[in-house]
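The next block holds one structure in the form of structure tokens; read it before the comments.
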Amino acid sequence: MKSPAKAAIAGFAALAVVGALAGCSADSASSADGRVELRVATFPPGADAAAYEAFESQEAQFEEEHPDIDVIGVEYEWEGPTFAAQLAGGSLPDVFTVPFTDSKTLLENGQLTDVTAEVEELGYTDAFNPIILAEVQDADGNIYGFPRQAYAMGLHYNRALFEAAGLDPDSPPTTWDEVREAAKAISDATGKAGFMEMSTNNTGGWQLTAATVARGGSTQEENGDGTYTSTIANEATKAQLQFLHDLRWEDDSLGDNYLLDWGSINQEFAAGNIGMYSSGSDVYTALVRDFGLSPDDYGLTVLPTENGGGTLGGGDIAVVSPTVDDATKAAAVQWIDWYYMQKLLDEDAAVLDAKTLADSGQAVGTPVLPVLDRETYEQSLTWIAPYVNVPLDQMAPFTEHIFEQTPVGEPKGSTQEIYALLDPLVQAVLTDENADIDALVEQADVDAQAILDQG
Amino acid sequence: MTMTDEAPPDEAAVPEEASPPRAPRTPRRGIRSWIRGGGLSTLVFLLPMLFVFGVFSWSPIVQSVIMSLQVTNLLDPPEWVGLDNYVAVLNDPLLGKAVLNTLYFAALALLFGFPLPLFMAVLMSEVRRGKGFYSALAYLPVVVPPVVAVLLWKFFYAGGENGVFNTVLGWVGIPPQPWLQDAATAMPSLVIEATWAAAGGAIIIYLAALLGVPPELYDAAEVDGAGIWKKVWHVTLPQLRGILFIMLILQVIATAQVFLEPYLFTGGGPNNATITVLLLIYKYAFQNSLGGDYGEATALSVMLAVVLALFSWLYFKLTDRWSTS
């Protein structure tokens, strides 16, 4: 190709291809028929076909009631990195859910949409549990999302392993000492991990904080003027670290993988390799749907409390992407109200939702905490009672005692950063027999205060 | 060849007063002769590449440098903060740990990973039959997707008596090792996997380089009574010196940027024993503050890039001097 003309054609053709590749991301919020296109988070990648079947039915039901909105389900799983990349790339779903812990950070970063007017128009601002509503409000009381589900920390246990160890699965442990005894019994009898604790991707800090709260301590105090004081070097945190250390090094009842996070501990539990672990009470659906746990093996009880301790709670909120236009925002609020909220408030919606999920083999009745008031929650349970398909009797130790425990919100100052800072503490006691617990918590306390002082 | 300041003989032969005044050549030739000489085609051929490099390589680099001086939430206009991000990163107690860990990884990787492929390549070059089979076998790990390889090795490294490696150790009476579950053994475990994953590529390069060693040199060495090790020491290694230097710098740059192994195997644990500079960058950008610390992440990236650039410059300076001595 010697001639300049041919060379020019080749060059510009190459440029055109590159230009086309670079510019093919143009998108529109309206479909060809004038309906508002609404991209909503559905299920994490890997959910089974039945979950999609259930969602398709719900999508059709919604579109019948709202013919001007075209709902498009988008696979989605909340993860900090995914969120940041999707936000930067402009590819977030219009509606998605965020855990309480992260909602505060996003809210402070200005990365959530203000929906105060919309929530007030729907008329149920006052119906929310005020502790839970506070999780999605800024200092001026503006609301940045709909709290759609709340949970308390629970102790999940494998009934089959309990039986194999000669323990009664209907009488799970009620104190930390009993947890230790049961863990040792399971480990001795089956060779599996009697108890296990998450320790990576900030989940170690999350669970250490939960146990600290259960043992009557706290890792952080709010000063009331927007500043926080770290209290990591407290007796409850030390007691939990000592508990983990003793289970690992004296009893050898923690198995042999000490670098687990939310996903991997669920996987190990569902595979029958863990006797007990602590996590949110709402994890049953994920365990069965995404990790293949046999429902017969599942048991749930409350996390033991001592010294006036309470139960760390959490949950997630449905939010609207900060980049949508007004029409999409209005459609998004209608979807959130219909998909997440009405089943908590309205009998017909609750029954329709439960029936649709049950028909597709999805879990109905997983124990949660009320995001609205407790009467409304208990009322909604009676509406869906005929469709409940989770083994409620195996969760009775939890549901019968959870309202006796004091709910405690997660620490608010730099939550995830402090959780990240606490991960190595959990890892240290699990992997180093000579770990100096006092020195570890003192150092973490200093480091956490530095983070809190930065704001 | 020895380079000197002496002028080439043909120019030196021309009497000084007769030589035309020196001037840049291109302007004198004029745009027409440049076009006639194929300049336009060259430029047109170059344009797509310049465009692709500009858009996909250089613009992100420039943007990173700009971002390292800003705070952004990816929605509102970024705010300039000067060198604050650099100060914050340099004051982070984890940075020292991450740098030391990265150096430790690099040192272990040089210890295990650098000589091993050379050794394997020399052995394989001595094999008379089935050379292709051994080459394919050695290269196989490179073909395995890195994430799959890590998941596979996680299975090998499983603790307790049931892990694959621990079972094998059990056959010879060695008790189970904690592998990834102990601060002391975690990093060497990562290096072993990384060496396994990367050795195949290096072996192929060394095998190709070994083909370029003149057989007469070996013959001469044999005549002088050299055994295999003397041949390797006195013939092979000096002949491969150039390629060994290149592989060394590539390995140092690659190990300084180690991320995949600590991220997937241990997440930086246990107790920060495997946190590396790149993993720290990732944590700044994505894990701690949900994107709030892009500035700090890019600041650390820029510092790492500067250190590696300095290292490369130093390397070229040194090797330049060696090659002329």
In debye to the nearest 20, how big a dipole does the stretch B:84-324 give about its Cα centre with +1 on each Lys and Arg Cβ and -1 on each Asp and Glu Cβ?
380 debye
I'm checking a number: the convex hull volume of the Cα atoms of chain A, normalised per residue, in Å³. What is it?
194 Å³
For the stretch B:53-58, what does the Karplus curve 6.51 cos²θ - 1.76 cosθ + 1.60, with θ = phi - 60°, yield as ³J(HN,Hα) per residue in whole Hz, taken in order and with x for Gly and Pro?
4, x, 6, 9, 10, 7
Nitroxide proxy distance, nm - points 7 Å out along Cα→Cβ at A:K355 and A:D373
2.9 nm
Extension gain, B:S33 back to B:I228 (0.36 nm per residue minus Cα-Cα distance, nm)
64.3 nm
For the protein assembly as shown, dividing by residue count, accessible area per residue (probe 1.4 Å) in Å² works out to 49 Å²
Estimated [θ] at 222 nm from DSSP helical runs (n ≥ 4, -39500 (n - 2.57)) normalised by residues in chain A, nearest 500:
-13500 deg cm²/dmol
If I take the Cα coordinates of the stretch B:28-67 and project them onto the principal axes, what are the three extents in Å, biggest first?
44, 20, 7
Quick check: net charge around B:G170, other residues with Cβ under 15 Å of its Cβ, Lys/Arg +1 and Asp/Glu -1?
-2
Between A:D177 and A:R35, what length in nm is gained on full extension when 0.36 nm per residue of separation is reduced by their alpha carbon distance?
45.1 nm
Can you pull the one-decimal nm distance between simple spin-label points at B:L123 and B:L308, each 7 Å off the Cα toward Cβ?
3.1 nm
For chain B, what does -39500 (n - 2.57) per DSSP helix run (n ≥ 4), summed and divided by total residues, give at 222 nm, in deg cm²/dmol to the nearest 500?
-20500 deg cm²/dmol
Viscosity 0.890 mPa s, temperature 25 °C: what is the translational diffusion coefficient of the stretch B:202-325 from Stokes-Einstein with a Kirkwood Rh over Cα pairs, rounded to a whole number of µm²/s?
137 µm²/s
Rg/Rh (Cα only; Kirkwood hydrodynamic radius) as it applies to the protein assembly as shown
1.04
Scale the Cα Rg of the stretch B:84-324 by the rule-of-thumb value 2.2 N^0.38 Å and send over the ratio, two decimals.
1.19
Taking R0 as 22 Å, what FRET efficiency do you get between A:A385 and A:T285 from their Cβ-Cβ distance, rounded to the nearest 0.05?
0.80
State the answer as a single residue: which of A:T200, A:T399, B:F56 lies farthest towards the positive end of the charge dipole of the protein assembly as shown, with beta carbon charges of +1 for Lys and Arg and -1 for Asp and Glu, about the Cα centre.
B:F56
Buried accessible area between B and A (1.4 Å probe, both chains summed, ligands and nucleic acids excluded), in Å² to the nearest 100?
2900 Å²
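The values are calculated or read from the model by the stated rules, or taken from the named source; none is laboratory data. In this text, all values refer to a predicted model and were calculated from it rather than measured experimentally. No Cβ is skipped: glycine too gets one built from the backbone with ideal geometry, and neighbour counts run over all protein chains shown. Keep in mind that these areas ignore ligands, DNA and RNA; they rest on the heavy atoms of the full protein, side chains included. Shrake-Rupley method; radii C 1.70, N 1.55, O 1.52, S 1.80 Å.
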